[in-house]
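Below is one structure, written out as structure tokens; comments come after it.
The values are calculated or read from the model by the stated rules, or taken from the named source; none is laboratory data. The structure displayed is predicted, hence computed values, not measured ones. Quick reminder, even Gly has a Cβ in these numbers, built from the backbone with ideal geometry, and neighbours come from all protein chains shown.
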Amino acid sequence: MGEVQTVEVAVDVPLHGTFTYLAREALIPGQRVLVPFGRRKVCGIVANAIPREGVEADRLKEIEASLAGVPPLPPEFFSMVEFAARYYHYPFGQALFTALPTSLREARDVVLPDETLYALTDRGVSEPPPARQTARRALWQALCDGPMTIARIKSAMPRAGAVVADWLDRGLLKRETPPSVPFEVATVPVLNDEQAAALAALSSGEGFRAWVLQGITGSGKTEVYLRRIEAELAAGRQVLILVPEINLTPQLVSRFAERFPRTRMALLHSELSDGERLRAWVDAWQGRAGIVIGTRMSVFVPLPKLGLIIVDEEHDGSFKQQDGLRYHARDLAVWRARRDKVPVVLGSATPSLETVANIRAGRYERVSLTRRAHGKASLPVIHLLDVRHLKRVEGLAEPAIDALRRRIERREMSLVYINRRGFAPVVACTECGWISGCPGCSARLVVHLLERVLRCHHCGHEEPVPRACPSCGNIDIKPLGEGTQRLESALERMFPEARVLRIDRDTTARKHAWDAIYRQVHAGEVDILVGTQMLAKGHDFGALSLVVVLNADGGLYSADYRAGERLFSQLVQVAGRAGRADVPGEVLVQTQWAEHPLYQALRANDFDGFTETQLAEREAAGFPPSTFQAVLRADAPRLGDACRFLESVSADVAGRHPAVLFSGPAPALMMRLANRERAQLILEAQRRAELHACLDELSACAADLARRAPRALRWSLDIDPQEL
DNA sequence: AGCACGCCGACT
DNA sequence: GTCGGCGTGCTC
């Protein structure tokens with residue numbers, strides 16, 4: 001008789017560990033199963049875990065069924081999820097389910113389209129069905145042109161099932177598995193010397209290497225990727241390309257499709273339906289797709305023949321998941337590349353400071369592209385407009401107005417970029433440049449106008465808003481970054497003849513909004529584009545001859561220590577929009593702090609100089625990448641409950657971990673959100689290991705205390721947080 | 001997380 | 001008298 005065995009099963013619940021079940025038949029790790037759980041039936045994944053002791057056999061329930069549709073998930077998938085669950089201190093079961101496409105999380109069988117190809121045998125070709133059997137004859141004709149899937153056969157001849165079975169029986173038809181990674185390259189443009197050198201570098205060595213491809217805007221990074229990808233495809237391997245959400249555009253996809261016309265691509269992004277996503281996921285997993293392009297979630301997709309990982313725009317914040325399993329796809333990509341002994345390429349014009357620190361530490365190797373790839377195209381000229389000494393109309397400095405007017409006369413397109421980021425207003429003196437800093441730590445104080453206080457979101461310090469500048473007595477002190485509200489309408493009043501197109505969350509919310517915007521822009525129907533952050537991402541607006549940047553200073557002295565880094569990268573991006581082959585573009589940045597090192601570095605096109613000062617500042621202040629951080633966040637209907645919870649967690653754990661600095665609890669920057677109030681506790685350590693040892697204890701303690709706290713309290717732990 | 005059990009307020 | 005609020009406890 002079949003012996004009853006026990007099996008460990010992972011389930012999508014916020015509890016640590018796996019659950020033990022009885023199984024009547026042998027089950028393979030990675031298999032999806034239907035299990036009774038509490039009073040419901042859920043999907044579980046058979047885990048290759050050590051059977052747990054001390055669970056009485058009579059309390060065990062039985063696996064109800066195995067769920068059909070896909071093969072068992074491979075061990076490499078598990079090992080990556082295990083790592084992510086451990087590193088991000090998140091329950092294994094939930095981590096496993098976040099790494100899966102929705103269809104595989106549900107307690108249902110899945111049905112995938114049948115990929116088997118049917119082809120005529122030699123005999124089949126030489127024995128056509130009689131002409132009077134028109135349907136069979138038409139199917140035969142279609143099959144003569146090449147193999148077909150069952151779905152395509154049925155669309156040609158709805159009741160073909162019996163015919164196919166009959167032809168298979170009589171040896172007229174055979175099943176074929178598709179050639180795994182068919183490969184062919186379309187015409188390839190010539191690389192310039194620098195690109196060729198970069199490609200040679202990225203192709204050198206064997207096994208794991210972490211490369212940073214740092215190329216200025218327009219330097220042709222994508223072409224280098226394409227060449228590098230070509231080599232992998234030619235060797236029959238798969239390539240994983242991670243891109244920010246916004247960059248996964250039809251233009252990017254068609255560029256790949258045109259270059260490798262016979263290679264199957266799997267695209268993974270948030271717009272897909274569950275069915276489409278499952279299909280792409282399985283194509284990648286089964287090795288059918290040679291190229292896998294996707295957003296952060298694709299870092300988990302099993303890839304049996306992985307040869308290379310590319311993370312494009314690696315500095316982009318969208319690689320960090322902001323809820324649930326708060327993973328960073330770039331960091332997991334590097335981990336995965338090391339494990340799979342394949343190279344990883346991190347591409348960016350402005351690599352993140354974390355990446356720069358890794359280059360300096362010798363963990364990553366940098367390859368640079370310093371020239372624009374095409375013709376005589378040159379970098380834009382950047383001017384700083386010191387608004388303290390210039391006359392302004394509605395927030396626009398006169399030289400900027402003149403420059404816009406000239407472009408309108410010449411029928412050239414301009415972009416007015418308004419930086420609304422750094423929404424947390426820091427108070428500054430317009431005379432001496434004094435900034436509201438925290439006396440207790442190196443963070444900056446944020447104005448809360450309603451409560452009339454300055455507050456530190458790092459340590460919780462509070463003080464009243466001063467009436468005059470504490471440094472020079474000037475009474476004209478105000479929050480940085482005020483006065484952009486009226487700008488858009490002001491532009492229209494100033495240039496009534498110009499066609500102004502505003503691009504922001506409101507105007508792009510509708511589904512095909514971008515298509516319409518692109519059409520107008522490329523048809524030359526726009527004189528001035530006005531927009532926010534969105535414009536700094538990889539949209540192609542063709543050539544602009546002028547970019548005016550307003551309100552950038554908010555990012556200079558922000559409560560968020562990453563604001564400077566983000567500002568620099570955004571300015572480099574928007575500046576990169578300016579300029580064409582014949583005329584260099586012009587960029588005007590309006591600022592009160594023209595002498596600030598960030599702007600000086602921007603003007604001199606000096607990324608290394610910029611990172612130098614940033615790294616020094618971060619080191620002095622004890623912020624990443626020179627330290628390692630985690631944030632414990634809590635929210636509740638009342639701030640007090642959230643703070644009390646964080647306070648008791650801190651009191652419980654802090655004493656035993658002197659190497660970890662606890663700051664707070666402090667109210668979070670966006671204190672109120674959807675009628676809930678939020679607070680945070682920040683942890684910092686010099687070494688990652690120290691932080692993680694502390695976090696092991698802290699997460700257990702938080703889970704325990706949360707059970708006794710008011711039920712409405714929610715908490716989360718964010719490792720390597722992106723924003724505080 | 002989800003789901004049930006359980007014990008107190010305004011409704012047919 | 002019951003329908004339903006959400007506090008508490010558990011899930012192999």
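Data for the structure
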{"quantity": "Wholly within the range A:578-660, helices (runs of 4 or more DSSP H) carrying at least 2 residues that are among the charged types (D, E, K, R) and at pLDDT below 95", "calculated": "A:607-621, A:639-653"}
{"quantity": "Residues (modelled with pLDDT of 90 or more, surrounded by 14 or more Cβ atoms within 10 Å (Cβ to Cβ) and in a helix (DSSP H, G or I)) located in the range A:155-180", "calculated": "A:V163, A:V164, A:W167, A:L168"}
{"quantity": "Selected residue [surrounded by fewer than 22 Cβ atoms within 10 Å (Cβ to Cβ), under 24 Å from A:R455 (Cβ atoms), touching a helix residue (DSSP H, G or I) at 6+ places or on another chain (Cβ under 9 Å) and of a type in the set (K, R)] from A:R644, A:R638, A:R656, A:R676", "calculated": "A:R676"}
{"quantity": "Tally, over the range A:13-25, of residues that are touching a residue at least 60 places away in the same chain (Cβ under 8 Å) and surrounded by 19 or more Cβ atoms within 10 Å (Cβ to Cβ)", "calculated": "1"}
{"quantity": "Test set (1) within 16 Å of DNA strand B (Cβ to nearest atom); (2) surrounded by 15 or more Cβ atoms within 10 Å (Cβ to Cβ); (3) within 21 Å of A:P75 (Cβ to Cβ) - A:L34 fails condition number", "calculated": "(3)"}
{"quantity": "Within the range A:387-415, tally of residues that are at pLDDT 85 or above, under 10 Å from A:Q590 (Cα atoms) and surrounded by fewer than 15 Cβ atoms within 10 Å (Cβ to Cβ)", "calculated": "0"}
{"quantity": "First in the range A:440-455 and within 17 Å of A:R618 (Cα to Cα), second anywhere and part of a strand (DSSP E or B) and small (G, A, S), Cβ under 6 Å, 6 or more apart", "calculated": "A:R444/A:G437"}
{"quantity": "Flag if A:K221 is under 28 Å from the mean Cα position of the chain (by Cα) and farther than 14 Å from A:R259 by Cβ", "calculated": "yes"}
{"quantity": "Top-ranked residue in the range A:102-129 [being without any contact (Cβ under 8 Å) to a residue 40 or more places away in the chain and touching a helix residue (DSSP H, G or I) at 6+ places or on another chain (Cβ under 7 Å); ranked as surrounded by the fewest Cβ atoms within 10 Å (Cβ to Cβ)]", "calculated": "A:D114"}
{"quantity": "Among residues of the range A:362-386, those that are in a loop (DSSP other than H, G, I, E, B), among the polar types (S, T, N, Q) and surrounded by 14 or more Cβ atoms within 10 Å (Cβ to Cβ), counted", "calculated": "1"}
{"quantity": "Out of A:A95, A:A23, A:A10, A:A57, sole residue that is away from DNA strand B (no atom under 16 Å from the Cβ), under 29 Å from A:Q286 (Cα atoms) and among the aliphatic types (A, V, I, L, M)", "calculated": "A:A23"}
{"quantity": "Sole exception among (1) surrounded by 15 or more Cβ atoms within 10 Å (Cβ to Cβ); (2) out of contact with any His (no Cβ under 9 Å at 6 or more places or on another chain); (3) among the small types (G, A, S); (4) at pLDDT below 90 for A:A424, by number", "calculated": "(2)"}
{"quantity": "Candidates A:L100, A:L117 - the one that is under 38 Å from the mean Cα position of the chain (by Cα) and within 30 Å of A:C43 (Cβ to Cβ)", "calculated": "A:L100"}
{"quantity": "Top-ranked residue of the range A:676-724 - restricted to ones that are touching a Pro at 6+ places or on another chain (Cβ under 7 Å) and within 16 Å of DNA strand C (Cβ to nearest atom), ranked as modelled with the highest pLDDT", "calculated": "A:A712"}
{"quantity": "Condition met for A:G38 (within 16 Å of DNA strand C (Cβ to nearest atom) and either modelled with pLDDT of 95 or more or of a type outside the set (D, E, K, R) (or both))", "calculated": "yes"}
{"quantity": "A:S663 vs. criteria of a type in the set (S, T, Y), on the phi < 0 side of the Ramachandran plot, touching a helix residue (DSSP H, G or I) at 6+ places or on another chain (Cβ under 9 Å) and not in a helix (DSSP H, G or I)", "calculated": "no"}
{"quantity": "Hits in the range A:132-141 (condition: loosely packed, with under 15 Cβ neighbours inside 10 Å and in a helix (DSSP H, G or I))", "calculated": "A:T134, A:A135, A:R137, A:A138, A:Q141"}
{"quantity": "Selected residue [without any contact (Cβ under 8 Å) to a residue 60 or more places away in the chain and farther than 14 Å from A:E64 by Cα] from A:I45, A:I28", "calculated": "A:I28"}
{"quantity": "Which listed residue is of a type in the set (D, E), modelled with pLDDT of 80 or more and not in a helix (DSSP H, G or I), from A:E525, A:E492", "calculated": "A:E525"}
{"quantity": "Within the range A:691-724, tally of residues that are charged (D, E, K, R) and without any contact (Cβ under 8 Å) to a residue 60 or more places away in the chain", "calculated": "5"}
